[in-house]
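The values are calculated or read from the model by the stated rules, or taken from the named source; none is laboratory data. Predicted, not measured: the structure shown is a model, and the values here were computed from it. A quick note on method: Cβ atoms are made from the backbone with ideal geometry, for glycine too, and the neighbour counts reach across all protein chains shown.
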Amino acid sequence: MKSTVKMSDIARELGVSTVTVSKALSGKDGVSSALRKTIIQKAEELGYVYNSLPRNMREGRHYLIGILISSKFIGESSFYWVFYQELLTVIKRTAYLGILEIISAEDETSCAVPLILSAKKIDGIIILGQMQDPYLAMISSKIPQCVFLDFYSGIGSRDCVASNNFLGSYSLTNLLIAAGHKNIGFIGSTAATTSILDRYLGFCKAMMEAGLPYQAAIEDRDTKGIYIEIMLCPDKYTAYVCNNDQIAGIVVNQLRKSGLAVPKDISLVGFDNESEVVTSGIGVTSLAFNIAVMSKLAVDLLIQHIESSAYVPRGHSFIDGQVMVKHSIAAPAW
């Protein structure tokens, strides 16, 4: 055997062209899967320099991570764009690349297979932001290497990385109570996401511990996740816990139309730590999520799952956020 095996040696052994061998070993199109497998086996048999084989060929991976986001989360708020950018930053530090696909409401409802998955070129998926259970079940059935980020679900045995919304809402509500508020409303449709439900439950815990009455949540979206007009009761509540800063901004505008100002007349708190552009010019006290830690954990868990056939998902991981005190809380006006 030659001391240095060349592609031409492999080609001569199999009776194919050197170009065909090159395509097969580089992962390019134009070679059938059966012939590609034969060429790779012959290359190793002859002692062709193993490290010259593409890494994805040697290990059976493409080194691509898919990121799925529902179109309903891509709007005026920058929250999920910030999350996506952080994910890409984390992924770039690994041997993998990230590729985004935005899922339309129609495709989510009909459980259409995303393009990045149907192409069978990705090794794992991160679903960023909650989607409908049937859609999650469909994805989970097609690719076990899947992580849910910024929400959790009982669908399948999956890693879920989420913020500690319960504790965050509990802390925010206690800030309003400490300022003297006794009549506090919660704005957010609890059936929409696990995050909103957890925020409402944290609100309820704080109110219960303080011996204060609390009402059902005020709806802010329909069953499709589309924002609806919020039925505010400024004569009933002196403060609101808004389920995100985008809703807080909408509330600020609605109150202004009624001649009321934040925080002079009504106090507010929110989630996501958005800029004043989103919150209608008011610095809203808000819960800032540790996006960097959440993103790194999600990517680390997914790569562990991809690279180990013995990997067992760890389940739900909750990351604490930080309350950012701004200018939206004052003593009750009445």
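A few notes on this one:
- Checking each residue in region 208-226 for being in a loop (DSSP other than H, G, I, E, B) and free of Cβ contacts under 8 Å to residues at least 40 places away in the same chain picks out 210, 211, 212, 213, 214, 215, 216, 217, 219, 220, 222, 223.
- Flag set for residue 149, criterion: at pLDDT 95 or above, surrounded by 21 or more Cβ atoms within 10 Å (Cβ to Cβ), out of contact with any Asp or Glu (no Cβ under 6 Å at 6 or more places or on another chain) and closer than 30 Å to residue 125 by Cβ.
- Whichever residue in region 180-200 is touching a Ser or Thr at 6+ places or on another chain (Cβ under 8 Å) and surrounded by fewer than 16 Cβ atoms within 10 Å (Cβ to Cβ) and, among such residues, is nearest to residue 254 (Cα to Cα): 182
- Top-ranked residue in region 274-317 [being at pLDDT below 95 and among the charged types (D, E, K, R); ranked as surrounded by the most Cβ atoms within 10 Å (Cβ to Cβ)]: 274
Yes or no, residue by residue, for (1) at positive phi; (2) assigned to a strand (DSSP E or B); (3) outside the structural domain of residue 258 (by TED's automatic domain parsing); (4) in contact (Cβ under 8 Å) with a residue 40 or more places away in the chain:
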site	(1), (2), (3), (4)
144	no, no, yes, yes
154	no, no, yes, no
171	no, no, no, yes
182	no, no, no, yes
203	no, no, no, no
206	no, no, no, no
237	no, no, no, yes
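- The residue list 247, 266 contains one member that is crowded, with 21+ Cβ neighbours inside 10 Å and farther than 28 Å from residue 291 by Cβ, which is 266.
- Residue count, region 201-235 (criterion: surrounded by 11 or more Cβ atoms within 10 Å (Cβ to Cβ) and of a type in the set (S, T, N, Q)): 1
- Once region 120-146 is narrowed to residues that are more than 26 Å from residue 78 (Cα to Cα) and within 16 Å of the chain's Cα centre (by Cα), the residue that is modelled with the highest pLDDT is 145.
- Any hit, region 301-310, residues being free of Cβ contacts under 8 Å to residues at least 12 places away in the same chain and either of a type in the set (A, V, I, L, M) or touching an Asp or Glu at 6+ places or on another chain (Cβ under 8 Å) (or both): yes
- Scanning region 65-88 for residues that are in a helix (DSSP H, G or I) and more than 19 Å from residue 288 (Cα to Cα) yields 71, 72, 88.
- Some residue of region 216-230 being farther than 26 Å from residue 289 by Cβ, among the charged types (D, E, K, R) and at pLDDT below 95: yes
- Region 89-121, residues that are small (Gly, Ala, Ser) and assigned to a loop (DSSP other than H, G, I, E, B): 95, 104, 112, 119
- Yes/no for residue 246 being part of a helix (DSSP H, G or I), farther than 20 Å from residue 330 by Cα and in contact (Cβ under 8 Å) with a residue 40 or more places away in the chain: yes
- Among the residues making up region 278-334, those that are hydrophobic (A, V, I, L, M, F, W, C), assigned to a loop (DSSP other than H, G, I, E, B) and closer than 17 Å to residue 175 by Cα are 284, 325, 329, 330, 331, 333.
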